[in-house]
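A short write-up of the structure that comes next.
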Amino acid sequence: MKVLTKAVGLLFFASLAAVAGSPTPGFNNLIPSEILTPDTVDTSIGTLNFFDGMPDDETVAKVYDNLDTIRSTEAFLNFIPAASMEGLRAGLESIGAGRAHQVMMFDQLLDSDPLFLTGNTDTVYTVVFLNLGRDGPTVVEIPQGSGPSTVNDAFFRFVTDMGAPGPDRGKGGKYLILPEAYEGEIPEGYFVATSPSDVNLMVLRGFLVDGKTDAAVKSVKEGLKIYPLSQKESPPPMEFISGSKVAFNTVHANDFTFFKEINDVIQREPVNFIDPELRGLLASIGIQKGKRFNPDARMKRIMTDGIAIGNATARALLLRPRNKSAFYYEGSQWFTAFIGGDYQWLIDKGNGGRNLDARAAFFYGYTLNTPAMVLKMVGAGSQYAVAATDQDGNYLDGNKNYRLRIPSNVPAKDFWSVVLYDPQTRSELQTSQPFPSKNNKRDKIEINTDGSVDLYFGQQSPQGKQSNWIQTVPGKGWWAVLRLYGPLDPWFDKTWRPGDFERLD
């Protein structure tokens, strides 16, 4: 009570001094009241106590704990891209795809057995990791007719496109991926790209032909070659490892293990692959290249708390965006995965800096980063719409039944699909259906007389609607992604729009 009275008195006399123009008590001159700190301040972390602006021992301990919690939370949110890439790398290595010539292919499509962030059930993914630090400049020969394909660095930053949106324009060709520090001669005859990191992810997509994977698989197995430039005269033979129907994990941790994953990345990569600001953020919680990561019990407890807050924040950003510009249509639940429409997450072309929330939301739920996913590329690339709630704004629930109407004349030159995902793993929803999805080219879908399509969602199929039904799981939530490959003008000008999920019970 005495401390509070003193604080109120100090501010009272400071106010009187301001009115009178006389010196503030305890000073030789008039001191602006807004720069003074009372002896007690009530905050969201409790009451903070001071002696003439000097924090007492309890306050010092409290604010340092809070600072370390904030830094831990910020480290989680900012390093989701790097952790996600590390999860993918470790996952592929676990099934034998640890070198550049060892390629994991979903030759029978990506079913729900692998844990793989929002992968689609519609294209033949070919996934491989390059390691420029180990192998040096690396050559990638891709076959003609490859779909939208991409190389990203260890922070999931865009390095180059390949295939239809890439410089080969779907005709195939040789790419040369160089380390940023490379100073040697660059041979002719390659599409050249440079990466700031040693580890790089390459994903090729192949399209189905008559609903089958055969043509895409044959094209990749016969035409894809990956080897160090130094071994171009005698490249190692390619190895293709099937990831279809294989239970393995590529998703990063959401507990303290997350920081161990990030430490592994920092120790492996060149120090300059991230900027000093991000390096400083990690150093503030004990992660620094060349140094042992060994937090004490206090710090581990705080970091665990910070990551729990960060995880909850990421889930809110992913599934319940508060940025109104994320939503495609007025009064609709569909929103974009790429909030802000910039693959570098820049606000107003960089004038507003980087949209950190949008970046965290994207990489918590999705993989790959390319301009082809956000730019208006009529008839090429792909576009995505996401929904986690029904038309009334309630989470989609496996205990309930829904209908989704896809209007006629879907503006997709190649195909459209709807895939369901598990909110826990952000991977495909695991049900008795190996593919929790519908694809207008792969599946025999019943079409309404007006050309529209009604899709149904629930534990059991409505009578007579088996071909249009996607199963859900009782007691579990789910969310959905609508994909358009080869999007056309009505998508971009919003003259075509999907319906919302309608409750049927």
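Which pairs, out of Lys376/Lys413; Lys212/Lys376; Lys225/Lys376; Lys225/Lys438; Lys171/Lys349, put more than 24 Å between their alpha-carbon atoms? Could you put the intermediate results ahead of the total?
On the way: Lys376/Lys413 14 Å; Lys212/Lys376 28 Å; Lys225/Lys376 31 Å; Lys225/Lys438 32 Å; Lys171/Lys349 32 Å.
Among Lys376/Lys413; Lys212/Lys376; Lys225/Lys376; Lys225/Lys438; Lys171/Lys349, the Cα-Cα distance tops 24 Å for Lys212/Lys376; Lys225/Lys376; Lys225/Lys438; Lys171/Lys349.
Cα centroid distance between segment 129-193 and segment 71-100, in Å?
One Cα centre to the other: 21 Å.
Helix 2-20 sits at what angle to the longest principal axis of the chain, using alpha carbons and giving 0 to 90 degrees rounded to 10?
Roughly 80 degrees, rounded to the nearest 10.
Using θ = phi - 60° and the Karplus form 6.51 cos²θ - 1.76 cosθ + 1.60, what ³J(HN,Hα) does each residue of segment 292-305 get, whole Hz, x for Gly and Pro?
For segment 292-305, the Karplus curve yields 6, 8, 8, x, 6, 4, 4, 5, 4, 4, 5, 5, 5, 5 Hz.
Please work out, to two decimal places, the log10 of the ratio I(q)/I(0) at q = 0.12 Å⁻¹ from a Debye calculation in which every Cα of segment 253-315 carries one identical scatterer.
Once normalised to I(0) and log-transformed, intensities are -0.30.
Which whole-Hz couplings ³J(HN,Hα) result when phi for each residue of segment 28-34 is put into the Karplus expression 6.51 cos²θ - 1.76 cosθ + 1.60, θ = phi - 60°, listed in order with x for Gly and Pro?
3J(HN,Hα) across segment 28-34, in whole Hz: 7, 10, 6, 9, x, 4, 6.
Taking the simple approach of a point 7 Å from Cα along Cα-to-Cβ for both Val378 and Ile186, what is their distance in nm?
Rounded to a tenth, the inter-label distance reads 3.3 nm.
Can you classify segment 143-184 as rounded, prolate or oblate using the Cα gyration tensor, where a ≥ b ≥ c are the square roots of its eigenvalues, rounded means a/c under 1.5, and otherwise it's prolate if a/b beats b/c and oblate if not?
Verdict is oblate for segment 143-184.
If one takes the longest principal axis of the Cα atoms in the chain, at what angle in degrees, from 0 to 90 and to the nearest 10, does the Cα axis of helix 257-268 lie?
80
If the limit is 20 Å between Cα atoms, which of Lys441/Lys465; Lys300/Lys476; Lys174/Lys232 go over it? Walk me through the numbers on the way to the answer.
Working: Lys441/Lys465 18 Å; Lys300/Lys476 31 Å; Lys174/Lys232 12 Å.
Table pairs above 20 Å Cα-Cα are Lys300/Lys476.
Rounded, prolate or oblate: pick one for segment 112-195, where a ≥ b ≥ c are the square roots of the eigenvalues of its C-alpha gyration tensor, a/c under 1.5 means rounded, and failing that, prolate if a/b is larger than b/c, else oblate. Kindly include the intermediate steps, with their values, before the conclusion.
On the way: a/c = 2.43, a/b = 1.39, b/c = 1.75.
Oblate shape, in that a/c is at least 1.5 and b/c is the bigger or equal ratio.
Taking 0.36 nm per intervening residue step and subtracting the Cα-Cα distance, what contour gain separates Lys218 from Arg169 on full extension?
Gain on stretching Lys218 to Arg169: 15.7 nm.
Can you report the principal axis dimensions of segment 231-277 using only the alpha carbons, biggest first, rounded to whole angstrom?
42, 34, 13
Based on the Cβ-Cβ distance of Lys324 and Gln424, what FRET efficiency does E = 1/(1 + (r/R0)^6) give at R0 = 25 Å, to the nearest 0.05?
Values: r = 27 Å, r/R0 = 1.09.
It comes to 0.35.
Under 16 Å Cα to Cα from Lys291, which aspartates and glutamates show up? Leave out anything in the same chain fewer than 8 places away.
Glu261, Asp264, Glu269
Out of these labelled values of Rg and Dmax of the Cα atoms in Å, [x] 26.9, 88; [y] 23.4, 73; [z] 22.2, 76, which was calculated from the coordinates shown here?
Computing Rg and Dmax of the Cα atoms in Å and matching it to [x] 26.9, 88; [y] 23.4, 73; [z] 22.2, 76 gives [x].
FRET efficiency for Asp348 and Ser44, Cβ-Cβ distance as r, R0 = 25 Å, nearest 0.05?
Values: r = 31 Å, r/R0 = 1.24.
Approximately 0.20, to the nearest 0.05.
What angle do you read, to the nearest 10 degrees and between 0 and 90, between the alpha-carbon axis of helix 80-94 and the longest principal axis of the chain?
40
Check Gly173: other-chain or 5+ apart residues with amide H under 5 Å from its amide H, H built from backbone geometry?
The answer is Ile142.
Can you work out the FRET efficiency for the pair Ser230 and Asp264, with r the C-beta to C-beta distance and R0 = 25 Å, to the nearest 0.05?
Values: r = 26 Å, r/R0 = 1.05.
Rounded to the nearest 0.05, the efficiency is 0.45.
Starting with the fewest neighbours, write out Met105, Met377 ranked by other beta-carbon atoms found within 10 Å of each beta-carbon. Walk me through the intermediate numbers first.
On the way: Met105 24, Met377 18.
Exposure proxy ranking, most exposed first: Met377, Met105.
Quick one: which residues, 5 or more positions from Lys476 or on another chain, have an amide H under 5 Å from its amide H? H modelled 1.01 Å from N in the peptide plane, none for Pro or chain starts.
Gly398, Asn399
Tell me, what HN-Hα J-couplings in whole Hz come from the Karplus equation 6.51 cos²θ - 1.76 cosθ + 1.60 at θ = phi - 60° for each residue of segment 275-287, using x for Gly and Pro?
Result, rounded to whole Hz: 7, x, 4, 5, 4, x, 4, 5, 4, 5, 10, x, 10.
If you stretched the chain out fully between Asp305 and Asp443, how much longer would it get, using 0.36 nm times the residue separation minus the C-alpha to C-alpha distance? Numbers along the way, then the final one.
Values: separation 138, 0.36 × 138 = 49.68 nm, distance 4.53 nm.
Full extension from Asp305 to Asp443 adds 45.2 nm.
Values quoted throughout were computed directly from the atomic coordinates according to the rules given, and no laboratory measurement underlies them. All values reported here derive from a predicted model rather than from experimental measurement. Note that we place each Cβ from the backbone using ideal geometry, even for glycine, and neighbour counts take in every protein chain shown.
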